[in-house]
1. What nm distance separates the two modelled labels at B:Ala131 and B:Val15, each placed 7 Å from Cα along Cα→Cβ?
2. Check A:Ala68: other-chain or 5+ apart residues with amide H under 5 Å from its amide H, H built from backbone geometry?
3. A:Val89's amide H: which non-local residues (gap 5+, or another chain) put their own amide H closer than 5 Å, with H modeled 1.01 Å from N in plane and none for Pro or chain starts?
4. Test of understanding: express the Cα radius of gyration of segment A:52-151 as a ratio to 2.2 N^0.38 Å, with N the residue count.
5. Hey, can you rank B:9-21, A:20-32 by average C-beta count inside 10 Å, highest first?
6. Per residue of segment B:124-138, what does 6.51 cos²θ - 1.76 cosθ + 1.60 with θ = phi - 60° give for ³J(HN,Hα)? Whole Hz please, x for Gly and Pro, Karplus curve as stated.
7. Based on Cβ point charges of +1 for Lys and Arg and -1 for Asp and Glu, what charge dipole magnitude is obtained for the protein assembly as shown about its Cα centre, in debye rounded to the nearest 20?
8. For segment A:171-221, rounded, prolate or oblate, judged on the Cα gyration tensor with a ≥ b ≥ c (square roots of eigenvalues), a/c < 1.5 rounded, else prolate if a/b > b/c?
Amino acid sequence: MLSAPSSFNLSEPHLAARGLACRRGSRLLFSKVDLALCPSELVWLRGRNGRGKTSLLRLLAGIATPEAGQVLLDGSPIAAAHERSRRMVYLGHQHALKDDLTSAEALEFLLRIHGRRSDRSSVAAALDHWGMLAQADTWVRRLSQGQRRRVALARLVGEQDASLWLLDEPFDALDADGVERLNALLLQHLQRGGAVLMTGHQAALAPALQARELDLDDCAA
Amino acid sequence: MSPSPSPSLFGALFVRDLRLALRRRTEALLPIGFFVVAVALFPLGVGPEPQTLRQIAPGVIWVCALLAAMLSVSQLYGSDFADGTLEQLLLTGGSTTLMATARATAHWTLTGLPLVVAAPLFGLMFDLSPAALRILALTLLLGTPILSLLGSLGAALTLGLRSAGVLVILIVLPLAIPALIFGTGAVAAVDAGQSAGAHLSLLGALLIVTALGVPPATAAALRIAVE
């Protein structure tokens, strides 16, 4: 069972999950997962391949329905949470970028559907933050995996609320400069009271982020 | 931040789909190309007898329009599903029904509307009278949105399945039979000197029922597919 250390304020978690279980086909991936994610907290989710890390992120985001248990975002069930899109950012393993759009168009579309500022200057600023302004008019299909990841992560740049970020392998394909930029963004987000739950390589996480570790292997069904 | 993403969701999706179609011109023009070639083959195969051509014209044009719509609809949600866009769309908090409507509208604009415009031209090839040509265009105007909506539902129901392309056709074709009957019936009625009013009314009613009922069903199918 996953549970937060007693030093965290469990009375007001940003995200709380109780008794979560996930089934894939006939196989129960995990069960009885409890977790609480408080403001200004970063949790690194670990586990062996196929243990269900991505599945857990999808349950927490409200994309999938758990076999058992409940997910609460600021006290409300995740599926019915008011303005969920504004209070949560989910970046999946896929980048959600269209090959036949330019970097700027693809980012503008994602920002727009999530109700974020998507004007030309906001998009340019977000791409510039990731060193991708020169590729703003480049087709997504011509970008490398690392550059695609940078465009996908550019969604985080304009975030100003203390929201919940659910990030699936965000460091994947990033070079040292990209890792540094993402660590800086994560730190900035934690400092404004945001919370982060992520999978991926812990080695890439800056020590200043003081990531808490949760091991999904302990919850194998 | 804007207060809610919902009002812009329809526009964002519609504009994106048109933009993507412009970038993939060959793919976008394929259904129209199929329609043109398939319709043009019939006079060559059946023979130049005007009476025969007039009789088969509504059926040929409608069946070709139906098959052309099916060609393009099978991948309506496929790439969004594969690249993670569909997940992001479901997380927007906007109406999934609105999203399904936007996709079907974009599909109709790209495949149905050109057929409506081109239909009179092909009607001339089949020696249809001016009155029959007008009714043919009108039936396609009412009927092609039905095909796009039904195709959208079929695409959502078969999302992520193997042989989805064939399954879509098997699901949608039987559902499209009423539109086919009323569409061809209206033109045949005019050709026989009768009123097409009843057929057009039924086709209109069918469009209303489909427009109201299919998007929520498509939305439910999309949510199930993503889970």
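Throughout, read-outs are computed from the coordinates displayed, never taken from laboratory work. Fair warning: this is a prediction, and the values are worked out from it, not measured in the lab. Glycine gets a Cβ as well: all are built from the backbone with ideal geometry, and neighbour counts include every protein chain shown.
1. If labels sit at B:Ala131 and B:Val15, their model points lie 4.6 nm apart.
2. A:Ala21
3. The answer is A:Leu164, A:Trp165, A:Leu166.
4. 1.25
5. Packing proxy ranking, top to bottom: B:9-21, A:20-32.
6. Once θ is set to phi - 60°, the couplings for segment B:124-138 become 4, 4, 9, 6, 6, 6, x, 5, 5, 4, 4, 5, 4, 4, 5 Hz.
7. Details: 37 positive and 34 negative charges, 41 e Å.
Here the size comes out at about 200 debye.
8. Oblate shape, in that a/c is at least 1.5 and b/c is the bigger or equal ratio.
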